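The values are calculated or read from the model by the stated rules, or taken from the named source; none is laboratory data. The structure displayed is predicted, hence computed values, not measured ones. FYI the Cβ positions are ideal-geometry reconstructions off the backbone, even for glycines, and counts take in every protein chain you see. The protein model used for the area step is the full one, side chains on, heavy atoms only, and it has no ligands, DNA or RNA in it. Shrake-Rupley method; radii C 1.70, N 1.55, O 1.52, S 1.80 Å.
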Amino acid sequence: MLGAQAGAAQTPPPGSPHDGNAAKNYAGIVSKKNLQIWRAEGDGDGTLAHDKPATKPGYYGIGAVPSAAQIAGWTIAVPPSGAGLPAGSGTAAAGATIYASHCAMCHGGFGEGAHNYPALVGGVGSLGGSSPQKTVGSYWPYATTVWDYINRAMPFYAPHTLKPDEVYALTAYILNMNGVTRSDWVADAKSVPLVKMPNRNAFNWKDPRPVTHNIACMKNCVSPSSVKITSNAVTMNLTPRMTGPVDHMKAGQ
Amino acid sequence: MTKPNRRDMFRLGAAAGAALIAASGRGARAASPPGAPPADNAWSNSLGHGVDSKPYGSPSPFEKNVVRRYVPWLSPTRDADASMTPLQDQPGIITSNGVFFERYHAGVPQVDPKAFRLMISGRVKKPLLLTLDQLMRYPSVSRIHFIECPANGATEWPAAQLNSLQLTHGMIGCAEWTGVLLSTLLDEAGLYPDSRWVTATGSDGAHMNRSLPMMKCLDDCMIAWGQNGEAVRPEQGYPARLVVPGWQGNVNVKWLRQIQVGREPWITREETSEYSELLGDGTSLGFTWVMDAKSVITFPCPEKPLTQGPGFYEIRGLAWSGRGKVKYVDISLDGGVNFQRARLDNPILDKCMTRFTLPWWWDGKVALIQSRVTDETGYVQPTIVQKHKFWGADPVYENNSIQTWQVLASGAVNNVQLS
């Protein structure tokens, strides 16, 4: 029933973030394997129930249709394909200036992190070792996420106030500090999705669980002599006071 | 000046009465420690406050210790931090709204319900823009579900570190949520066959967003405006939040403003940099949405020791599973050598806290007490040793391991881990 309707309305409006061929949009950006996994997760390996909607679109007739401008203002999420990236561009040199005034106080002069705020730079090659360092450079799989997150949530004290050129410039600067892009690289809607982040292929998007297989044993499950205490929180001295006013553990208390 | 009304006269009378009692010998006795029959307590010889004194009630002042608490060394700033529910003081399966755990990425926005809008957009046939009043007109449901942060217990991955039930297990709350099924709104907007993913976005400063597969969105997700008999609290996403039953707390986007539909996931910061799991071999798990079954003994616990010597106590606790209902809870008193089955209290609901109890005659000796839940899928809560085998030595998320409390002869209780 809906299939016929869907067929008629299949083509998204021009300029929609989802026009064009999705597979083509993702060519060279997302591996075919990951694209297949995402699609399978989205539609439950083909069992998606939304071809049997309980009601037809607009059945209740409640609410308004948002204008194109309203939709554009709130539609800020940028997927790995880069769909929705706005016009504009920026370089690392321009980004360095913005970074110094807007970002360095928390993320450090060189992206090393400060005052327990996250490091943005470094750690490439450390993830499989004993002291993994997760940064934009070492960990984030897609550069579109860098653009998206700076745009939506940074700077922390005044989120979503930067202009697209500023966000492109900061993206270029952070990627350059990480050695992912050259200093003359220009970040824009076309170039950002094509950046090959070092950790792109190390994410497994398919949940492997269950990966533990305990059994509900009731009697003599382990040898009593094997039950040894390996750690005891009372010796750690990390616990705030749990009675009275909330303990902020300020120095000197 | 207005004339004193009848209630004011009552109040005057009560004050005068209290003054009289204070001057008498009985008043002096009432000031001595309470709970001493045959005398009356002071509150039995006076009038209490009237119906107009507390239009919105609060707990007894004697319960002032029952508050959300946090771990000050976990986060650099309080507006991107988490606080924990005092589970040691939660008698049943419902978490009181005032102490429901918090997790913010840019603090709590003060959303004006008149200016609230919910947008359904992206790959839909008819985009929608709803006011709160319009959202509330749709057919609604009311369901009790837990919401748990996947970082609940994160500090306990490398070792027993925090000597507290609240701080090791309190990034969870369970509430009755009332709202519209997301499937109702997605049907209203109309989906295409390749409308496979949704990103839900909040109106907080972080514009917090996560990608969710359409399968889950059409299954049991809801946009809730009600929480335990009142409007959703600001800390929980007022005026409307997404509830994604059984899935990690972060995807239950608060202060919701947009449901955007697309073909593929967006791979946001909160599903890569955060809320992904780096394994020992350097690879990472991207989407680990479901909160696996977990249980914990809430009495006794470090905050609630055994203070009255050997004898009868009731072991009490909570269990839950993101994959369905709790089937069994088994309790060990000897560090996992032997177990006995706990009694489960009704109701036993899908993706909801379940209360369990076990009578215990404590002999006054050291005991290592544990609870272990089995959910309706047959999944059995693992030990920390079993968890480490796959998840590595020091991960962040999804610590659903069996908790061991060491009960000392003094009755004090410590958080320990076993080999």
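Structure summary
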{"item": "Condition met for residue B:183 (open to solvent by 50 Å² or more (accessible area, probe 1.4 Å), of a type outside the set (Asp, Glu) and under 30 Å from residue B:259 (Cβ atoms))", "result": "no"}
{"item": "Elements of type helices (runs of 4 or more DSSP H) in region A:95-159, at least 2 residues being more than 9 Å from every other protein chain (Cβ to nearest Cβ) and touching a helix residue (DSSP H, G or I) at 6+ places or on another chain (Cβ under 7 Å)", "result": "A:143-153"}
{"item": "Matching residues, region B:118-134, being in a helix (DSSP H, G or I) and within 7 Å of chain A (Cβ to nearest Cβ)", "result": "B:134"}
{"item": "Candidates A:233, A:169 - the one that is open to solvent by less than 30 Å² (accessible area, probe 1.4 Å) and free of Cβ contacts under 8 Å to residues at least 12 places away in the same chain", "result": "A:233"}
{"item": "Some residue of region B:193-213 being open to solvent by 10 Å² or more (accessible area, probe 1.4 Å), touching a helix residue (DSSP H, G or I) at 6+ places or on another chain (Cβ under 8 Å) and aromatic (Phe, Trp, Tyr)", "result": "no"}
{"item": "Test: residue B:288 is polar (S, T, N, Q), surrounded by 18 or more Cβ atoms within 10 Å (Cβ to Cβ) and out of contact with any Gly (no Cβ under 9 Å at 6 or more places or on another chain)", "result": "yes"}
{"item": "Residue list for region B:385-415, restricted to those being of a type in the set (Val, Ile, Thr) and either at the interface with another protein chain (Cβ under 7 Å from one of its Cβ atoms) or crowded, with 23+ Cβ neighbours inside 10 Å (or both)", "result": "B:402, B:404, B:407, B:413"}
{"item": "Single unsatisfied condition, residue A:70 versus (1) under 29 Å from residue B:199 (Cβ atoms); (2) facing another protein chain (nearest Cβ under 7 Å); (3) not in a helix (DSSP H, G or I)", "result": "(3)"}
{"item": "Strands (runs of 3 or more DSSP E) contained entirely in region B:198-280, each with at least 1 residues that are within 7 Å of chain A (Cβ to nearest Cβ)", "result": "B:209-213, B:256-262"}
{"item": "Filtered residue count, region B:306-349, keeping only those that are more than 22 Å from the chain's Cα centre (by Cα), of a type in the set (Asp, Glu) and away from every other protein chain (no Cβ under 14 Å)", "result": "1"}
{"item": "Hits in region B:369-379 - residues which are open to solvent by less than 50 Å² (accessible area, probe 1.4 Å) and over 21 Å from residue A:224 (Cβ atoms)", "result": "B:373, B:374, B:375, B:378, B:379"}
{"item": "Matching option when the condition is touching a Phe, Trp or Tyr at 6+ places or on another chain (Cβ under 7 Å) and within 19 Å of residue B:241 (Cα to Cα), among B:115, B:82", "result": "B:82"}
{"item": "Pair list, Cβ under 9 Å, 6 or more apart: region B:67-80 residue over 18 Å from residue A:115 (Cα atoms), other residue assigned to a loop (DSSP other than H, G, I, E, B) and β-branched (Val, Ile, Thr)", "result": "B:67/A:246; B:68/A:246; B:68/B:85; B:69/A:246; B:70/A:246"}
{"item": "Any hit, region A:45-64, residues being open to solvent by 30 Å² or more (accessible area, probe 1.4 Å), at pLDDT below 95 and under 25 Å from the mean Cα position of the chain (by Cα)", "result": "yes"}
{"item": "Single residue of A:235, A:239 found to be of a type in the set (Val, Ile, Thr), more than 7 Å from chain B (Cβ to nearest Cβ) and at negative phi", "result": "A:235"}
{"item": "Criterion violated by residue B:363 - all others in (1) more than 9 Å from chain A (Cβ to nearest Cβ); (2) within 30 Å of residue B:219 (Cβ to Cβ); (3) open to solvent by 50 Å² or more (accessible area, probe 1.4 Å) satisfied", "result": "(2)"}
{"item": "Enumeration of residues in region A:98-124 that are open to solvent by 70 Å² or more (accessible area, probe 1.4 Å) and touching a residue at least 24 places away in the same chain (Cβ under 8 Å)", "result": "A:110, A:124"}
{"item": "Verdict on residue A:78 being within 11 Å of another protein chain (Cβ to nearest Cβ), open to solvent by 70 Å² or more (accessible area, probe 1.4 Å) and at pLDDT 95 or above", "result": "no"}
{"item": "Filtered residue count, region B:44-101, keeping only those that are more than 21 Å from the chain's Cα centre (by Cα), assigned to a loop (DSSP other than H, G, I, E, B), polar (S, T, N, Q) and surrounded by 11 or more Cβ atoms within 10 Å (Cβ to Cβ)", "result": "2"}
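Per-residue answers, yes or no, for (1) away from every other protein chain (no Cβ under 11 Å); (2) surrounded by fewer than 21 Cβ atoms within 10 Å (Cβ to Cβ); (3) under 30 Å from residue A:79 (Cα atoms):
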position: B:136; (1), (2), (3): no, yes, no
position: B:141; (1), (2), (3): yes, yes, no
position: B:161; (1), (2), (3): no, no, no
position: B:167; (1), (2), (3): no, no, no
position: B:175; (1), (2), (3): yes, no, no
position: B:187; (1), (2), (3): no, no, yes
